[in-house]
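In what follows, a structure is listed as structure tokens, so that the remarks can point back to it.
The values are calculated or read from the model by the stated rules, or taken from the named source; none is laboratory data. All values reported here derive from a predicted model rather than from experimental measurement. Here the Cβ is made from the backbone with ideal geometry for all residues, glycine too, and neighbour counts use every protein chain on show.
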Amino acid sequence: MIQVRELTLWFNEHEHPTINKLSFDLRSGETMLLLGPSGSGKSTLTCCLNGIYPRELDGEIAGDIHIFGTSIQDTKPGEMSKHVGVVFQDPESQFCMLTVEDEIAFGLENIGTPRDKIATKIDGVLQMVGLTAYKEANIHSLSGGQKQKLALACILALEPDFVILDEPTANLDPLAKQAFIQTMKHIQEDKKIGLIVIEHQLDGWVSFIERAFILSKAGHGVFDGSLTEAITKHADLFQLEGIALPSITELALQACDNNQAAFSKIPFTYEDFTTHMSYLDQTFLETTAKKSCALEPIIEVHNVKLSKKKQKILRDITFSWAGPSFIAVTGANGSGKTSLTRLLAGIEFPSAGNIYVNNRSINQWKQKELRQQIGYVFQNPEHQFITDRVFDEIAYTLRLRAYPEATVQEKVHQTLASCQLQGMENRHPYTLSQGQKRRLSVATMIVDEQNILFLDEPTFGQDAASTRELMHLLAARYKNGTTIIMVTHDMDLVDKYANRVVVLKNGEIVADETPTQLWERPHLSKWNLDYPTRIKLKRHMEGSHVCITK
Amino acid sequence: MTNWRLKEIIVMAVLSVVFGIVYLAFLPVGKLLVSFMGPIGYDFIFGIWFIVSIIAAYILRKPGAAFLSETIAATVEMLLGNAMGPIIIITGMIQGLGAEAAFAATRYKRYSLWVLMLAGVGAAIFSFVWGYFRGGYAALSTPYVISMLIVRIISGAIISGVLGKAISDALAKTGVLSSFALGKQINKARSVS
Amino acid sequence: MSALLNNLNPSIKAIAVVIAVCLLTFVFDPFTPLIYGIVVILFTFLFGKVNWKLYIGYYLIICLLSIGMLWTSIAFADEPTNPEVTTQFLFWELPKENVTVALSLTLRMLTFAALSFMFIFTTNMVHFILSLMQQCKLPPKLAYGILAGYRFLPLMREELQQIRAAHQVRGVRRASGIKESIQQYKRYAIPLLAGAIRKAERTAVAMESKGFSGEKARIFYRQFRVTFIDWLFLSSMIMLLIIIVAISIKLGYFSWYKGQF
């Protein structure tokens, strides 16, 4: 078992301890969710548990951790991996070999598994995570979800007593996320491994993890008990710390706030929702149709095709969008979403066909003018940063246009305020938090009052609080007449914000309609899409014949 | 290798791989200059081919960083298709030793701009001596050979020394080096002031 | 075509190539490298499973480059000791000495390329590193570090394209002039390197939590051994060179390195 006693840890460059007098026990086979805001020392704790700290620590440590009676102070490098394995957040940086087989073998070699047993073990774990068909595949060719399953397989091969999952699904799309959680659930139930899941969002995990441990920003343990109790008593704390409640819980709380529903107990699942519900206003499940005031044709596309390396990325696309609108572009990975938006923004050019932006062919726009019309926020905000100060970053475009310095100052400060980046002017963009980086990248794209804004999966890898702030910002821009075109997998966001949704499959547009129309279609899974929580709840209630009282 | 942390080794390896590609990419540039100016064309940009040893040594501040990084970069260059084949690895080792010599002379204690430029010069001289015996410089007229040497020394000092420092410092500002020697030194300087 | 070359021990193959290259450095006539180069290419063709399209493409590029080299080493040659002895080279009357030196340098480069391609085109990079660890005592920390770095290559290519597009959207103009080009390189380099360093650090942590400690004694899933065939290959590569040198001495072409260059 794991025993953490009064653990306190300082990094040299920090004033305050990152972890502060932390104590808890975890028995073999027990599961636990470790929750806390970014910077609360969750990942630091991970490094303590798998034996990397204190050896690699540039700082000091007090208190102790015992794992099956051995103190982490006395372990030799590599020894702890037999007891504790970790799956990390970033799928791109957990491997050092080129193929799936070699990567799993690497770990087994490290712990001295006899050579003749390695092959059997590899086959075993691949079967467990469902990657048998990819044994000889190049890791680079796997999808994000497959990479995370591989990372899990590598750890399971070492047969540890405890597995720590450090935000393993933060960089995955919703379907891959569900698949990963399901895989983990089956393995946990089968093998009874001890599990610590570090997360920002609870969806999926609540179905098999009961215990929750909450860390505060200052690195204190503030709660240790059942998840139900945590949500019931500390829902406000979750909101404050940017932890996403299960989406169904979120929906229920929202209904309570609006006096549209009442519950005997806060629901975590669809079943809970119907059993604990004492009252529900029917109108809650219907959206107020988002009115579109779109009048002006803003983007028109005629017979656009795109091929790369003899591969057809987009086949014969034609449509006309009016603005201002809030448009969501969605579809499976590799369906051509990003390619389409890049063509529309004039970053790439089609192999055939015509694109018109504001009634003028995109070829006739000068790059410089086009950039005044269109902003494009890339998936990785860092790629777009070109200066080493937040202020200069936002001012860059304005200075390029040779605005007088007074105007620059004024506009930058306005933008800083609307993106909640006040006080960050002198920071280096790279040193901001994930959420701040994202908002800064949006800031650079709206400062020149561009009237079309593209965003490529802007909520990817963001915690609940920064997603909320970002969406507020986008909604406000839309209200002011900017057309927002957002590539996303998150159907709850589509349901809440978009007034038009475009679905791509294999380079073709298979649906281009209002979200309400899309939710009425029977089989969205054929396009690799999920329904939003609201719709799923509605279906669930219709299916279970719950009568809805008004 | 025992007093190296794993992350230092991997960062060094990654830098070497990146610059291995940069080295390969600059070969055609060199060839182009050569076809205009003759063999001296290479020497103007020769500093490019030492830059990783200066960057790795400046960031990590460990004995061997300059030598190893340059050697790995050369190996990567060979594996990606440099026509010189395995010879290029030996060339890389010799250049790396040249830079390493400068750092060793300060007992790995000083990493000022002058030391970095000196490392660039060291690499230039070592590579020139090697080139003289291997590349057939003796077939060229003596004044020409001397001017080649001078140009190469300047290029080593400026491109690998000054530019190498500029790139490393810019990287340090992004905060990604906070757990490496260069980043730690900057943090310390900041907290003192 | 067999795959004999592909199945050789990678370290021995590399050593054979290095020895051959080193020996050739001391030979200073056009004939020996020419014949040896042809033999090496035949060897590759007969005993290797190679992507020929790529091989020929690469080799053509090298040939083009070597023409440039031939020209510069004639044009910038030192004053010949016997300027009156000339030879007809294509359309020009040139000092024979200069032409011989230039030809031998150029052919030598072509032979180096043939040797190095024989290695590159028949060797799996990962196997090479693994074999270096097993046969040549390369420290595991360094070996796996290099492999981890090598894995980043395709990732970084994609990232560079992203960065380029992202900067274009910011309105960064295409660079003109040296100063702007350097600035542009720096702008691309910083996000690329910063991302790579961050990933490298994470990879190191992930490797350590998989139990990697860098200990020298380790078990290898893929074992590489040195067999009789490997030694046979190594010795035949060297014997062939010696035989060709002998022939060229007999025919009177041969010349040693005597400080000509």
Options B:130, B:114; residue that is more than 14 Å from every other protein chain (Cβ to nearest Cβ), more than 18 Å from residue B:22 (Cβ to Cβ) and surrounded by fewer than 23 Cβ atoms within 10 Å (Cβ to Cβ)
B:114
The condition from (1) farther than 27 Å from residue A:183 by Cβ; (2) within 31 Å of the chain's Cα centre (by Cα) that residue A:42 misses is numbered (1)
Scan the helices (runs of 4 or more DSSP H) fully inside the range C:1-82 and keep the ones with 2 or more residues being under 15 Å from residue C:105 (Cβ atoms), of a type in the set (A, V, I, L, M) and touching a residue at least 40 places away in the same chain (Cβ under 8 Å).
C:10-25, C:52-75
Looking at the range A:213-232, I want the residues that are more than 17 Å from residue A:244 (Cα to Cα) and in contact (Cβ under 8 Å) with a residue 24 or more places away in the chain and have a partner that is surrounded by fewer than 22 Cβ atoms within 10 Å (Cβ to Cβ) and among the β-branched types (Val, Ile, Thr) with Cβ atoms under 8 Å, at least 6 apart or on another chain. Which pairs are those?
A:219/A:18
Within the range A:109-123, restricting attention to residues that are in contact (Cβ under 8 Å) with a residue 24 or more places away in the chain and within 7 Å of chain C (Cβ to nearest Cβ), which residue is surrounded by the most Cβ atoms within 10 Å (Cβ to Cβ)?
A:110
Helices (runs of 4 or more DSSP H) wholly in the range A:324-439 with at least 1 residues that are touching a strand residue (DSSP E or B) at 6+ places or on another chain (Cβ under 8 Å) - which ones?
A:337-344, A:367-373
Tell me, which residue of the range B:1-59 that is outside any loop (DSSP other than H, G, I, E, B) and hydroxyl-bearing (Ser, Thr, Tyr) is farthest from the other protein chains (Cβ to nearest Cβ)?
B:53
Considering every residue within the range C:171-183, establish whether at least one is exposed (fewer than 15 other Cβ atoms within 10 Å of the Cβ), within 9 Å of another protein chain (Cβ to nearest Cβ) and farther than 27 Å from residue A:454 by Cβ.
yes
Considering B:146, B:150, B:154, which residue is more than 14 Å from chain A (Cβ to nearest Cβ) and more than 26 Å from residue C:105 (Cα to Cα)?
B:154
Residue ID - surrounded by the most Cβ atoms within 10 Å (Cβ to Cβ), chosen from residues in the range C:188-223 that are more than 7 Å from chain A (Cβ to nearest Cβ) and among the β-branched types (Val, Ile, Thr)
C:197
Which numbered condition trips up residue A:56, out of (1) out of contact with any helix residue (DSSP H, G or I) (no Cβ under 6 Å at 6 or more places or on another chain); (2) in a loop (DSSP other than H, G, I, E, B); (3) modelled with pLDDT of 90 or more?
(3)
Hey, residue A:392 more than 10 Å from chain C (Cβ to nearest Cβ) and farther than 27 Å from residue A:296 by Cα or not
yes
Give A:482, A:533 a once-over and let me know the one that is within 30 Å of residue A:421 (Cβ to Cβ), in contact with a Leu (Cβ under 8 Å, 6 or more places away or on another chain) and of a type outside the set (Gly, Ala, Ser).
A:482
For residue C:144, all conditions in the list (1) more than 10 Å from chain A (Cβ to nearest Cβ); (2) modelled with pLDDT of 85 or more hold save one; what is the number of the exception?
(1)
Flagged in the range A:407-423 as β-branched (Val, Ile, Thr) and over 28 Å from the mean Cα position of the chain (by Cα), in numbering order, are A:407, A:408, A:412
Would you pick out the residues in the range C:111-131 that are hydrophobic (A, V, I, L, M, F, W, C), touching a Leu at 6+ places or on another chain (Cβ under 8 Å) and more than 10 Å from chain B (Cβ to nearest Cβ)?
C:126
Taking into account only those residues within the range A:41-68 that are surrounded by fewer than 23 Cβ atoms within 10 Å (Cβ to Cβ) and of a type in the set (Gly, Ala, Ser), which is farthest from residue A:2 (Cα to Cα)?
A:59
Pull out all pairs, ordered by first then second residue, where Cβ-Cβ is under 8 Å, the residues are six or more apart or on different chains, the first lies in the range C:212-237 and is free of Cβ contacts under 8 Å to residues at least 60 places away in the same chain, and the second is of a type in the set (Ser, Thr, Tyr).
C:219/A:113
Restricting attention to the range A:440-465, report how many residues are within 20 Å of residue C:165 (Cβ to Cβ) and touching a strand residue (DSSP E or B) at 6+ places or on another chain (Cβ under 7 Å).
12
Go through the range C:204-222 and count every residue that is touching a Leu at 6+ places or on another chain (Cβ under 9 Å) and either among the charged types (D, E, K, R) or assigned to a loop (DSSP other than H, G, I, E, B) (or both).
10
